[in-house]
Each structure stands twice: as structure tokens, then as C-alpha cells.
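Data first, discussion second: the structure below is written as C-alpha cells.
The values are calculated or read from the model by the stated rules, or taken from the named source; none is laboratory data. Small disclaimer: the values here were computed from a predicted structure and weren't measured. All Cβ positions, even for glycine, are placed from backbone atoms using ideal geometry, and neighbour counts span all protein chains on display. Areas reflect the complete protein model, heavy atoms only, side chains present, ligands, DNA and RNA absent. Shrake-Rupley method; radii C 1.70, N 1.55, O 1.52, S 1.80 Å.
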Amino acid sequence: FIVQDLAMWDEEQQRPCDPRNWALSDDLGQIEYLFSDKTGTLTRNLMEWRQCSIGGRIYGLLDPDEETVARFQAQRAALGLDITVLPTLVDPALYDSLALNDAHAQEIVDYFILIAVCHTVLIERHSPPADGSSPLNYQAQSPDEAALVACARDLGFAFVE
């Protein structure tokens, strides 16, 4: 199919793509998860985790209105989470799904536990700041990895040691 793909046509040489190794197409069939993270990382070295898909459902609103943010923060407050911090992933449907306590809720819990523990992030501990923000600061070689762990922390799934 790579040879027949018109998007792979080389205008300059007027010929199709000529794959010399099929390992790439074999590997593509084995991909289960894809993380896309390049919004802003090249220019500001900053990543914000805005959306995710768990069990086929997409969580994370790209442009939440004030009412939605207030509802989301009220849900977080009810769970005893710090509401002075607004996670980069905002969606009241996430906590609504967790409250159902069904199989999908368990998928959400498992997802965030894996994000919170499967990484190479190190904890930089400080005494709690005066502004009430989290004393757990994460250091990582990759801003992408630190953003995932920090957002999981802000949603209530904190990596603590």
C-alpha cells in the first residue's frame, strides 16, 4: 500500500515511494497508543496535557467556559483536591465517569495510576508554598513526561515516592 499511496508520490522525481524495508509497516500494525505532544514544546519547552482517550472516551475540553471550569473545580474540592491549581486537563465528565464506580471508572483509575507511576520523573520536595500550591514538584529530562505526571497529580493521582 505504501507504493500505491498517492500522498507518497515524489513530484520531483515523478515516481512512487520505493520502500526498501518493510519493518516500518510491520511495526505500525503493532502500535496501540499514540502520544502527541508537540504543541509549544519546541518554542517554549512547555507541555500542557489537554486531552486523553480512555476506553474510547475522550476527556479534556480545549476551551472550557467559566461555568464548566467552576463545576470542575467544585468536583475537585468535593474530593479534597487543591482548587487553587487548575489542571491543564479540564473536563467535569472525567469526575462524573469516576463517580459511576463501574468498569469504565476502573479503566480511568488504572490509566491515571499508570501515568503516575510509569516514568523516570524525580520528586523535588519543598515545604508547602505560601500560596497553597502542591509541595510536590517533578523534575524530568523531558517536559512531556513531567507534564503527564504533574497533570495526573493535579487530577488526584499523585506520584509521591
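Between T84 and E32, the FRET efficiency from the beta-carbon distance, with R0 = 41 Å, is close to 0.65.
Shown is the FRET efficiency for I54 and D5, computed with R0 = 25 Å from the Cβ-Cβ distance and rounded to the nearest 0.05: 0.20.
Taking every protein chain into account, the 1.4 Å probe leaves V117 with about 90 Å² of accessible area, to the nearest ten.
In this simple spin-label model, placing a label point 7 Å from the Cα along the Cα-to-Cβ direction at both S142 and A74 gives a separation of 3.8 nm.
With the simple spin-label model, which puts each label point 7 Å out from Cα in the Cβ direction, the Q106 to E124 separation comes to 3.9 nm.
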